[in-house]
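Worksheet for the structure shown next.
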Amino acid sequence: MMKALVVPRGFEANRRTYTRRGEQVHVIAFEAARFGGSFTVDMGVHFAEVPPFPPLSGAPGGANECWLMRRLRDHERSQFFGYGNSHEEAEELVRNLADEALTEFAMFAKRWGDGIVLLDILTPEVLDADHQIFRRVLTAKSHGEVEQLRQQMTICRLFTGWFPQVGPTAVMLAFLSLACGRKELVRDYLAFYDIDHTTWADRWVALVRSLKRKARK
C-alpha cells in the first residue's frame, strides 16, 4: 500500500524503506515492533551534497543515516501503530501516515531547498550559543527543564518536531560550506562536530577527516 502511494511521488522502495533523492533526501522507514502486533514509522531528511551520516543509534541505512530524524506518533502520542482490525483500517492508516510524511517533506523542501540558505542562519556563532545551552541540558534536573532549554536552542526552534544535535548539524553545515565554495567556514563548523558527544565513533572521525582533506585542496 505504501509503495503504491509514494513511488509515484519519486520514492524508491527497498523492503520497508522508501527513499526519494533530489536536492534533499527524504526517507520513510517502517519497522515491526520487537514483540509484534505493531510497527513504528521513522522519517529522515538529509541534503544531497552531504554524504550519509554514520547512525547515532541503530543499524546503518534509511532514516538512521540522515541528519534529521523523527518518529511519527498517533493522536495519543504513542510511537507504536497497530495493524488494524480490517484491511480497510490498515489502508486508511497507511494512507494517513503517507500524507503526514509527504506534507512534512514538502514543507521542508520549500523552506530549505538545497540547504545552502542555512549557512547564513546557522552561523558558527549561532552554533556556539546553542552549544552553551546544550551544556546546561546535560545537567538539567528534570524533563521539563530539558525541554525548556532545548526550546532556547536555535536549531530546535527551526526544526520543530525533529531532533537536531549540535555535532551532526555542524558536520552537515561544513559539507554544505564545501559544496558552495565557502571553504573558509569548514574549519569553524568542525570546531563543534564532537561537542555534544554524539560523533566520536570511528566512522564519524573518518568522515570528518575526509572532509578536512577536501577543504584543503
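A Cβ distance below 6 Å, combined with a sequence gap of six or more or placement on separate chains, defines the contacts here; from segment 120-145, residues that are without any contact (Cβ under 8 Å) to a residue 12 or more places away in the chain reach residues that are surrounded by 12 or more Cβ atoms within 10 Å (Cβ to Cβ) and not basic (Lys, Arg) in the pairs Ala140/Val146. Checked against the criterion of being over 19 Å from Glu65 (Cβ atoms) and in a loop (DSSP other than H, G, I, E, B), segment 171-178 contains not a single residue that satisfies it.
A search for C-beta distances below 7 Å between a residue of segment 62-78 that is on the phi > 0 side of the Ramachandran plot and any residue that is of a type in the set (A, V, I, L, M, F, W, C), counting only pairs 6+ apart in sequence or on different chains, returns Gly62/Val27; Gly62/Ala29.
Find the strands (runs of 3 or more DSSP E) located wholly in segment 1-61 whose residues include 2 or more that are touching a strand residue (DSSP E or B) at 6+ places or on another chain (Cβ under 6 Å), and list them. Quick ask: steps written out before the conclusion?
Numbers: elements: 12-14, 17-21, 24-32, 38-47.
Output list reads 17-21, 24-32, 38-47.
Kindly evaluate Pro164 against the criterion of being surrounded by 17 or more Cβ atoms within 10 Å (Cβ to Cβ), outside any helix (DSSP H, G or I) and touching a residue at least 12 places away in the same chain (Cβ under 8 Å). Before the answer, list the steps.
Numbers: surrounded by 17 or more Cβ atoms within 10 Å (Cβ to Cβ): yes; outside any helix (DSSP H, G or I): yes; touching a residue at least 12 places away in the same chain (Cβ under 8 Å): yes.
Taking the combined requirement at face value, the residue satisfies it.
Considering only residues in segment 12-52 that are among the acidic types (Asp, Glu), without any contact (Cβ under 8 Å) to a residue 60 or more places away in the chain and open to solvent by 30 Å² or more (accessible area, probe 1.4 Å), the one that is nearest to Lys214 (Cα to Cα) turns out to be Glu12. Arg70 meets all of the listed conditions (1) under 17 Å from the mean Cα position of the chain (by Cα); (2) part of a helix (DSSP H, G or I); (3) surrounded by 13 or more Cβ atoms within 10 Å (Cβ to Cβ) but one, namely (2). Residue-level check: of (1) over 24 Å from Thr160 (Cβ atoms); (2) touching a Leu at 6+ places or on another chain (Cβ under 9 Å), Ala33 misses just (2). Here the condition is being of a type in the set (A, V, I, L, M), at pLDDT below 95, open to solvent by less than 50 Å² (accessible area, probe 1.4 Å) and not in a helix (DSSP H, G or I); of Ala90, Ala140, it holds for Ala140 alone.
Close contacts from segment 173-198, counting a first residue that is of a type in the set (Ser, Thr, Tyr) and a second that is assigned to a loop (DSSP other than H, G, I, E, B) and buried (at least 18 other Cβ atoms within 10 Å of the Cβ), with Cβ to Cβ under 6 Å and a gap of 6+ residues or different chains, come to Tyr193/Thr199; Thr198/Gln165. Take segment 93-105 and flag every residue that is surrounded by 14 or more Cβ atoms within 10 Å (Cβ to Cβ) and without any contact (Cβ under 8 Å) to a residue 24 or more places away in the chain. Selection gives Leu93 alone.
If you go through segment 106-118 and keep only what is surrounded by 16 or more Cβ atoms within 10 Å (Cβ to Cβ) and in a helix (DSSP H, G or I), you end up with Phe108, Ala109, Trp112, Ile116, Leu118. Kindly evaluate Ile116 against the criterion of being in contact (Cβ under 8 Å) with a residue 24 or more places away in the chain, in contact with a Cys (Cβ under 8 Å, 6 or more places away or on another chain) and of a type in the set (Val, Ile, Thr). Here the answer is yes, as Ile116 does meet what is asked.
The values are calculated or read from the model by the stated rules, or taken from the named source; none is laboratory data. Being a predicted model, the structure only gives us computed values, none of them experimental. Because the Cβ atoms are built from the backbone with ideal geometry, glycine has one as well, and the counts that use them run over all protein chains shown. Quick note on the areas: whole protein, heavy atoms, side chains included, nothing else; ligands and nucleic acids left out. Shrake-Rupley method; radii C 1.70, N 1.55, O 1.52, S 1.80 Å.
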